[in-house]
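One structure is given below, encoded as structure tokens.
The values are calculated or read from the model by the stated rules, or taken from the named source; none is laboratory data. Quick caveat, the model's predicted, so the values are computed rather than measured. For neighbour counting, all protein chains shown are included, and Cβ atoms are generated from backbone atoms with ideal geometry for every residue, glycine included. Remember, those area values only see protein heavy atoms, side chains included, never the ligands or the DNA or RNA. Shrake-Rupley method; radii C 1.70, N 1.55, O 1.52, S 1.80 Å.
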Amino acid sequence: MSTQPQDGKHPVSSLLAGPYGHPLHPLLVTVPIGAWVASLVFDIGSHVAGRGGMLADGSLWLIAVGVLGALAAASVGFLDLFAIPTGTRAFRTGLVHMSLNLAVTAAYAGGFAWRRGGYGHSASVGAGQLALSAVSLAVLAVSGFLGGKLAYRYGVRVAAETVQREGLERTPAARG
């Protein structure tokens, strides 16, 4: 089976989306995921700790870092979507994955704006703000599952099996 640039394995732009076999999108998604998980931990901690305002402020900035990271990840993810043939299950999965991620990013951007007015106060995170973060993170988990399906089931931006086989073939022991 030969791979073609339009088969979802090759990047639309190696410079922007990462070279064949080394996509940038999976690397960049670690920033918003990590920041938003940590922000939820800070949100919960703001109700447990004596100085909840400090953790609430930290959560606010983690949300901002996550939104910026999500925009970077989305830009290269969008390029990866262009590499998938339209009318395929992988393309439809990619559209749902992208839509969920954009909704989550918008929710966190809205949550940032909502919290911004309380920055510097000694209060813990409000229940509604905490709920928005928890629901957004749950939707992000569903989207992450779909992203995994794109890579591990459909092989989007994953090297062809013939290329992968090279790394799994036994080689004679090096003699020195």
With every protein chain in place, segment 63-140: carbon and sulfur % of accessible area (1.4 Å): 72 percent
Segment 25-105 shape via C-alpha gyration tensor axes, a/c threshold 1.5: prolate
Full-stretch length increase - Val142, His47 - with 0.36 nm per residue and alpha-carbon distance subtracted: 31.5 nm
Segment 77-91 - phi-based ³J(HN,Hα) in whole Hz, Karplus 6.51/-1.76/1.60, Gly and Pro as x: x, 4, 5, 5, 4, 5, 7, 8, x, 5, x, 10, 4, 4, 5
Relative frequency of Cα-Cα separations exceeding 19 Å in segment 28-176, percent: 58 percent
Residues Thr30 and Thr171, FRET efficiency given R0 of 35 Å [Cβ-Cβ distance, rounded to 0.05]: 0.65
Inter-label distance, nm, simple model (7 Å from Cα along the C-beta direction), Leu95/Ala113: 2.7 nm
